[in-house]
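In what follows, a structure is listed as structure tokens, so that the remarks can point back to it.
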Amino acid sequence: MSINFPLLLVIAVAVCGFLALIDLLYFAPRRRAAIANYEGRAGVEPDQSTLDALNKEPVLIEYGKSFFPVLAIVLVLRSFLIEPFQIPSGSMIPTLEVGDFILVNKFAYGIRLPVVDTKVIDVSDPKRGDVMVFRYPSDPNINYIKRVVGLPGDVVRYSSDKRLSINGKPVPETLVGEEPGSLGSAKLYQEQLGEAEHLIRKEMARYRVEPDREWRVPEGHYFMMGDNRDNSNDSRYWQDAAIPADLAGMVPDRNIVGKAFAVWMSWPDPKFSNLPHFSRVGLIH
């Protein structure tokens with residue numbers, strides 16, 4: 001069962017804020033009145049312990065008021081500015097490794113309300129080559145991270161020889177090296193998508209060899225691919241009977257979470273015997 005953390009956070013802020021408001025409007029005036037009545041008694045020297053007891057907040061109110069500013073700050077930061085994520089799979093290798101902790105710019109593509117994810121302020125649109133976090137179209141409770149390949153109106157083609165073309169033009173790529181793969185060697189290429197220059201990985205002997213395929217990206221949607229081209233569940237493969245055929249594999253604008261921009265820590269295997277490290281800290285290209 002997935003936990004809707006944004007919803008829980010909003011509820012927690014609302015409850016704590018309500019407790020703080022109740023104290024401001026009801027309990028605090030009663031405490032002040034009780035103290036004033038005690039101090040106003042003739043011939044009685046006020047006792048400090050009694051004053052402290054009269055001024056003591058109810059336990060629930062005390063906790064609510066203490067947590068409210070902290071939770072409110074977390075809500076604002078997480079909803080509108082920056083949200084942390086951890087990479088769970090190898091679909092973005094070599095750009096992102098399993099266990100990388102990344103930061104996502106939540107306002108890069110517009111200001112959205114938490115929970116309902118409604119865009120209220122436009123900022124900019126995703127650019128070809130951006131690394132983007134989004135909610136999986138078939139299950140919005142799951143966050144995915146891929147690279148933006150196709151923009152609205154683009155025609156994206158992926159050939160049987162693993163070459164990517166956009167609007168009839170092959171995307172420039174240059175072989176830069178090889179490394180071990182699951183079935184023989186894997187080749188690393190420097191790819192140029194728009195203004196973004198980055199590495200991609202292809203396992204040339206991978207069993208998943210497919211015919212040429214072509215997609216037209218509808219307005220308000222994006223075509224996403226992983227940099228680990230033969231080990232990525234992305235727009236090329238998503239199928240859902242509940243989604244119209246012309247939208248299959250496409251990510252609608254309403255599902256966008258934000259732009260991934262930095263790795264701040266890596267912890268591939270979170271066990272006490274394997275500590276986190278910071279060797280991969282840096283900007284995401």
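Read the figures in this text as sums done on the coordinates, not as results from a lab. Bear in mind that the values here come from a model prediction, so they are computed numbers and not experimental data. In this analysis, Cβ positions are derived from the backbone assuming ideal geometry, glycine residues included, and neighbour counts consider all displayed protein chains.
Table for the structure above
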quantity	calculated
Stokes-Einstein D in µm²/s, Kirkwood radius over Cα pairs - region 108-206 at 4 °C with 1.567 mPa s viscosity	82 µm²/s
Label corresponding to Rg/Rh (Cα atoms, Kirkwood Rh) when calculated from the structure given, among (1) 1.19; (2) 1.06; (3) 1.03	(1)
Residues Lys119, Lys106, Lys65, sorted so that the one with the fewest Cβ neighbours within 10 Å comes first	Lys119, Lys65, Lys106
Hydrodynamic radius (Kirkwood) for region 17-66, which is based on Cα pairs only, to one decimal in Å	11.7 Å
Dipole magnitude (debye, nearest 20) for region 54-138, charges at Cβ of Lys, Arg, Asp, Glu	180 debye
Packing-based exposure ordering (other Cβ within 10 Å, fewest first) of Glu173, Glu210, Glu203	Glu210, Glu173, Glu203
Region 103-148 shape via C-alpha gyration tensor axes, a/c threshold 1.5	oblate
Distance violations [Cα-Cα > 32 Å] among Lys187/Lys259; Lys56/Lys106; Lys119/Lys187; Lys65/Lys127; Lys119/Lys162; Lys127/Lys202	Lys56/Lys106; Lys119/Lys187; Lys65/Lys127; Lys119/Lys162
Expected 222 nm ellipticity per residue - DSSP helices of 4 or more, -39500 (n - 2.57), all of the chain, to 500	-6500 deg cm²/dmol
Between region 118-174 and region 196-271, the Cα center-to-center distance that results, in Å	7 Å
